[in-house]
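Okay, so here's the structure we're looking at.
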Amino acid sequence: MVVGQGPRGTTASASTTEAEPGSRLTAVSGAAEPTALQALRALGSGPRGLSEQEAERRLTRYGENVPPSLRPLSWPRRLVRGLKDPFTAVLLVLGLVSAAVASWGTAVVITVLVAVSCLLRAGGEMRADRAMAGLRDLVATTATVLRRPEDESGAGGAAPVARELPVDQLVPGDVVQLGAGDLVPADVRVMRGSGLRVREAAFTGESVAVKKYPVDAPHSPSQPEGAGAFDRPYLCFQGSSVVAGGGTAVVVATGSDTRLAAAHTGISARAAGSFDRLVHGVSWILVRFMLLTPPLVLMANAALRGQGLETLPFAVAVAVALTPEMLPVVVTTCLARGASLLARDHRAIVRRLPALHDLGAMDVLCLDKTGTLTQDRPLVGGSVDGMGREDPEVLQWAAVNAWWTLQLADLPVPDPLDEAILAAADEGELVTCEPVAALPFDPVRRLATAVVRTPGRLGTNTLIVKGSIEAVLERCVLPDAERQRLNARAASHAADGLRLLAVATVERPTGQRSYTPADERGLTFRGFVLLRDAVTDSAAAALCDLAERGVSVKVLTGDHPGTAARACRDLGFEPGEVLTAERLDALSEADLAAAVSRASVIARCTPEHKARVVSALRRAGHTTGFLGDGVNDLPALRAADVGIGPRDAVPVAREGADVVLAGREKDLTAIGHAITTGRYASGNIAAYLRVTLSSNLGNVIAMLTAGVLLPFLPMLPTQVLVQNLCFDAAQLAFAYDRPRPTVLRRPTTLNARDLLTFITRFGVLNALADLATFGLLTLAVYGPGGDDEAVFHTGWFTENMLTQALVMVLLHTGRRAAEHRGRNRALGPVGWAAALLAVIGVLLPLSPFGPPLGMTSLPQAYYAQLIAVLALYAVALTALVRREAEHV
Ligand SMILES: Nc1ncnc2c1ncn2[C@@H]1O[C@H](COP(=O)(O)OP(=O)(O)OP(=O)(O)O)[C@@H](O)[C@H]1O
Ligand SMILES: [Mg+2]
């Protein structure tokens, strides 16, 4: 059900009782649209909100306010989601084909594979969810709601109380307050607003925030006629973010009735990250191969031997052997395990599992300055006039501005600069001013304005404007030379590490009813307020740590270039040339990418600049992270491969982040741990992909070649499947392995092209080893004119298992062992799994399971020859590994 879309035929009921959901929605749409008050009535609510009792009743009736896409998935749903994976889907098709030709053994093995893969995957995800659940409560989002406590008569007539409620407790009719940095908690209708601007990118794709305001006469010219729901300035939708201003609104739809639910997009829905793209790309190449294999095998057999459908089970088995069916499981397990460990040991929440890989691959981290590098506890160091003389009046003007912008906001958002100014000012004098209006701070204008009655003079109002130096000076009436002098003075203060705010005023006659940013002009400059904000203790160490890990850091700040550069120097990090965002505007895409790749500090960024820089870095091939805590960081958090938010970030930033650092306040070292975990996970995934894909490819090439040359099948379908099953099981060890230490020193990069070159090289080598065995078996064991197919099958089965074990050890553990020879002799999970695989390969044919699988014991001489083949293979493999390592 959708709010505010087209006429619904019925006029809103104006009764005071609560209307049915149908008319509940008519309350905000419909042909004859009601005023805000009528809308409230139709919802059975009033300006003072609902009574607690009524709210409780509605909660039972409408259910919790959680969009379906964000509800925790149940077991069956998770399992079904697993089936949507391309490999699983292809396997199922192959299973059906097998069943259709009554090849029951193959069908059963495939079903088992699919079931185990779905179960393991769902299990891994659930475990990670549980590990993070506790932390998630810690950073849960709340909404400010007006509710009336019950009086003695139980009528709920008492005065309303503004309460912080978990968002899921909201019901239609609740009156909520919105402030900058909040997530719109449900679909709401604005009843009052000041400077309210909301970002609806999740719905409209438009990253620029739109103005929202109440419209009391619905067909007033200010309302676009006949436009869609998103053009209605009085409706805000769940999942959008309040970026500036504030307001009061009534909830019109919750839970599955919201736009968000109808759009089927999670708040966190976003463009695929680098990892998703890689896995997707590789998967589709493989899926095509898989689908091509059975027809190829069938055609080859038909052409060479005139065989028909009887080779189908073999063809299917070969396709299954090529499938890395454990890929989704290993990927999910690696990521889920990493996320659980990170939650447990370092209190970081990974919202989107693939973000963990992107963290490991991240080579550039962009940060905002305040609250990340500095403590965000500024202290006023003084206030000066234009000549640099101490002037307490400047601070007093700034304080009046801070006080009334906070007081007149529907939901005052704590602002550290304002708090510092109020703490330093004389409070007694603040309240003597009579307020008229306020234009709250917004990060694009970089100004906040309060309008008060001019003290001691009737008939005039004073606009007090405070904000960034550039924004204020350009609105002051000043000769150019003077403006330049003031800019230079500000720059010298900034170079001392001070944060600066400029203050200016202007008087206007009282006749004016409302004020807009257009009134912020013709100002008289008053002076600067100087503030100090110390750098955090952990920042210097964290920056150093990031550099050691091969991650370069860029500071993207809205602050003055001088202040930003000084903060960097205080942290022992040479900023080089500081770019200002304005200069970026003039650059072409290519120049922009080059400029941002070089610069390490970009100052005076608007929220859009931050996002543009991040996007440019991504286009230049960097895997880019963004760490920010403010509402102005939201677009960049979304634009980055991985968005990181600290625990005390504003709700929208926390919700927009992929990774939330929920640990100790402002402890940046957690990022280092998160990167390590990411690199572990992606290192293991990379090793798994290399080993599995090259081994599978080798087997398939060998099997197809042998199939063409031999008068019988080189292996029975069941044997192919059993071997594949054992190999798959062994591969799970990769999820639990500790990768080589070099993996941790640099961002892990894994791209489809390198991967494909790697697997082709090693796959061909593997096929050569198999074919050597094939020759051996034909000449020596099977013998010219021999007819013991079982010996051939068994010989090849054992060889396959042993070469696979060898590949696991040499392509993975072997490299690690080579790196610190002698120090680390432990086998590790992959080593153990490989050993087990080898043992099964040798012993299975001899065990009671051998004969039912069509296997038999091998002549002693074969083992000696096999060892010779394996030794040669190992030498060739090691040589190729060395060559690859030199190339990297
Ligand atoms: N409450 C305020 N009133 C007036 N001006 C402000 C206020 N807060 C910030 N400013 C001005 O706007 C500039 C940009 O602030 P903003 O919060 O957008 O920066 P930011 O990108 O978050 O920077 P940082 O990296 O320091 O966190 C500040 O440098 C300051 O000059
Ligand atoms: Mg900030």
Query raised in the report: So, of the residues in region 469-500 that are under 37 Å from the mean Cα position of the chain (by Cα), assigned to a helix (DSSP H, G or I) and not small (Gly, Ala, Ser), which turns out to be nearest to ligand 1 (Cβ to nearest atom)?
Result: Ile469
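For Ala409, are the conditions met, namely being surrounded by 19 or more Cβ atoms within 10 Å (Cβ to Cβ) and under 22 Å from the mean Cα position of the chain (by Cα)?
Working: surrounded by 19 or more Cβ atoms within 10 Å (Cβ to Cβ): yes; under 22 Å from the mean Cα position of the chain (by Cα): no.
No, not satisfied.
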Report task. From Gly672, Gly678, grab the single residue that is more than 16 Å from ligand 1 (Cβ to nearest atom) and touching a strand residue (DSSP E or B) at 6+ places or on another chain (Cβ under 9 Å). Result -> Gly678
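Kindly provide the set of residues from region 866-888 that are of a type in the set (Val, Ile, Thr), without any contact (Cβ under 8 Å) to a residue 40 or more places away in the chain and in a helix (DSSP H, G or I), ordered by number.
Applying the first criterion (of a type in the set (Val, Ile, Thr)) to region 866-888 yields 867, 869, 875, 878, 881, 888.
In the following step, the residues that additionally are without any contact (Cβ under 8 Å) to a residue 40 or more places away in the chain were identified as 867, 875, 888.
Residues satisfying the conditions are Ile867, Val875.
Using the structure shown, decide if Ala581 is within 12 Å of ligand 1 (Cβ to nearest atom), hydrophobic (A, V, I, L, M, F, W, C) and in contact (Cβ under 8 Å) with a residue 12 or more places away in the chain. Walk me through it before giving the result.
Working: within 12 Å of ligand 1 (Cβ to nearest atom): yes; hydrophobic (A, V, I, L, M, F, W, C): yes; in contact (Cβ under 8 Å) with a residue 12 or more places away in the chain: yes.
Judged against the criteria, Ala581 is a match.
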Query raised in the report: Here is a list of conditions, (1) in contact with an Asp or Glu (Cβ under 7 Å, 6 or more places away or on another chain); (2) away from ligand 2 (no atom under 16 Å from the Cβ); (3) farther than 30 Å from Phe275 by Cα, and Leu379 meets all of them except one; can you say which number that is?
Result: (1)
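Yes or no: Asp442 within 16 Å of ligand 2 (Cβ to nearest atom), at pLDDT 90 or above and crowded, with 20+ Cβ neighbours inside 10 Å?
no
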Query raised in the report: For Glu577, are the conditions met, namely being at pLDDT below 90, on the phi < 0 side of the Ramachandran plot and over 30 Å from the mean Cα position of the chain (by Cα)?
Result: yes
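In this structure, does Val551 turn out to be under 30 Å from the mean Cα position of the chain (by Cα), outside the structural domain of Thr742 (by TED's automatic domain parsing), crowded, with 19+ Cβ neighbours inside 10 Å and away from ligand 1 (no atom under 16 Å from the Cβ)?
On the way: under 30 Å from the mean Cα position of the chain (by Cα): yes; outside the structural domain of Thr742 (by TED's automatic domain parsing): yes; crowded, with 19+ Cβ neighbours inside 10 Å: yes; away from ligand 1 (no atom under 16 Å from the Cβ): yes.
In short, yes.
In region 517-548, which residue that is assigned to a strand (DSSP E or B) and of a type in the set (D, E, K, R) is surrounded by the fewest Cβ atoms within 10 Å (Cβ to Cβ)?
Our first condition is that a residue be assigned to a strand (DSSP E or B); within region 517-548, this holds for 523-532, 535.
Adding the requirement that they be of a type in the set (D, E, K, R) leaves 526, 532.
Values: Arg526: 25, Arg532: 16.
For region 517-548, the residue satisfying everything is Arg532.
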Query raised in the report: Somewhere in region 335-342, is a residue free of Cβ contacts under 8 Å to residues at least 60 places away in the same chain and surrounded by 21 or more Cβ atoms within 10 Å (Cβ to Cβ)?
Result: no
Query raised in the report: Within region 699-746, can you find the residues that are within 40 Å of the chain's Cα centre (by Cα), assigned to a loop (DSSP other than H, G, I, E, B) and surrounded by 21 or more Cβ atoms within 10 Å (Cβ to Cβ)?
Result: Asp737, Pro739
**Report entry** Candidate set: region 334-377, residues that are in a helix (DSSP H, G or I) and of a type in the set (Gly, Ala, Ser); chosen: the one nearest to ligand 1 (Cβ to nearest atom)
**Finding:** Ala355
Report summary line: For region 31-56, the count of residues that are over 14 Å from Ala158 (Cα atoms) and touching a strand residue (DSSP E or B) at 6+ places or on another chain (Cβ under 9 Å) equals 8
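Look at region 456-479 and say how many of its residues are among the β-branched types (Val, Ile, Thr) and in contact with a Gly (Cβ under 8 Å, 6 or more places away or on another chain). Explain how you work it out, then say what you get.
First pass over region 456-479, keeping only residues among the β-branched types (Val, Ile, Thr): 460, 462, 464-465, 469, 472, 477.
Then keep just the ones that are in contact with a Gly (Cβ under 8 Å, 6 or more places away or on another chain); that gives 477.
Result for region 456-479: 1.
So in region 378-399, with the set limited to residues that are of a type in the set (Val, Ile, Thr) and not in a helix (DSSP H, G or I), which one is farthest from Gln177 (Cα to Cα)?
Val384
Scan region 363-376 and give yes if some residue there is more than 16 Å from ligand 2 (Cβ to nearest atom) and closer than 23 Å to His673 by Cβ, otherwise no.
Step one: list which residues in region 363-376 are more than 16 Å from ligand 2 (Cβ to nearest atom), which gives 363-364.
Those left that are additionally closer than 23 Å to His673 by Cβ: 363-364.
Within region 363-376, one or more residues are more than 16 Å from ligand 2 (Cβ to nearest atom) and closer than 23 Å to His673 by Cβ.
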Query raised in the report: Looking at (1) of a type outside the set (A, V, I, L, M, F, W, C); (2) away from ligand 2 (no atom under 16 Å from the Cβ); (3) within 32 Å of the chain's Cα centre (by Cα), which is the one condition that is false for Arg389?
Result: (3)
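Within the bounds of region 400-413, is there any residue that is within 16 Å of ligand 2 (Cβ to nearest atom) and either under 26 Å from Gln177 (Cβ atoms) or outside the structural domain of Arg446 (by TED's automatic domain parsing) (or both)? Spell out the reasoning first.
Step one: of region 400-413, the residues within 16 Å of ligand 2 (Cβ to nearest atom) are 413.
If we keep only those that are either under 26 Å from Gln177 (Cβ atoms) or outside the structural domain of Arg446 (by TED's automatic domain parsing) (or both) too, we end up with 413.
Yes; the residues of region 400-413 include at least one that is within 16 Å of ligand 2 (Cβ to nearest atom) and either under 26 Å from Gln177 (Cβ atoms) or outside the structural domain of Arg446 (by TED's automatic domain parsing) (or both).
Looking only at region 450-468, how many residues end up being away from ligand 2 (no atom under 16 Å from the Cβ) and within 46 Å of the chain's Cα centre (by Cα)? Quick ask: steps written out before the conclusion?
Here is the first cut: in region 450-468, the residues away from ligand 2 (no atom under 16 Å from the Cβ) are 450-466.
If we keep only those that are within 46 Å of the chain's Cα centre (by Cα) as well, we get 450-452, 462-466.
The total comes to 8.
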Report task. Go through region 598-670 and tell me which strands (runs of 3 or more DSSP E), entirely inside it, have 3 or more residues that are surrounded by fewer than 22 Cβ atoms within 10 Å (Cβ to Cβ) and either within 12 Å of ligand 2 (Cβ to nearest atom) or within 12 Å of the chain's Cα centre (by Cα) (or both). Result -> none
Requested in this report: Please report, ordered by residue number, the helices (runs of 4 or more DSSP H) entirely within region 38-131 with at least 2 residues that are over 36 Å from the mean Cα position of the chain (by Cα) and surrounded by 15 or more Cβ atoms within 10 Å (Cβ to Cβ).
Outcome: 52-62, 86-100
Query - Matching entry among Glu427, Glu393 (being more than 16 Å from ligand 1 (Cβ to nearest atom), modelled with pLDDT of 90 or more and either outside the structural domain of Asp545 (by TED's automatic domain parsing) or among the acidic types (Asp, Glu) (or both)) - result: Glu393
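Right, Leu584: in contact with a Leu (Cβ under 7 Å, 6 or more places away or on another chain) and either part of a helix (DSSP H, G or I) or more than 15 Å from ligand 2 (Cβ to nearest atom) (or both) or not? Give the steps one after another, and end with the answer.
On the way: in contact with a Leu (Cβ under 7 Å, 6 or more places away or on another chain): yes; either part of a helix (DSSP H, G or I) or more than 15 Å from ligand 2 (Cβ to nearest atom) (or both): yes.
The answer is yes for Leu584.
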**Report entry** Residue check for Leu587: over 20 Å from Leu447 (Cα atoms), without any contact (Cβ under 8 Å) to a residue 24 or more places away in the chain and not small (Gly, Ala, Ser)
**Finding:** yes
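The values are calculated or read from the model by the stated rules, or taken from the named source; none is laboratory data. Keep in mind that this is a model prediction, so the values were computed, not measured. Because the Cβ atoms are built from the backbone with ideal geometry, glycine has one as well, and the counts that use them run over all protein chains shown.
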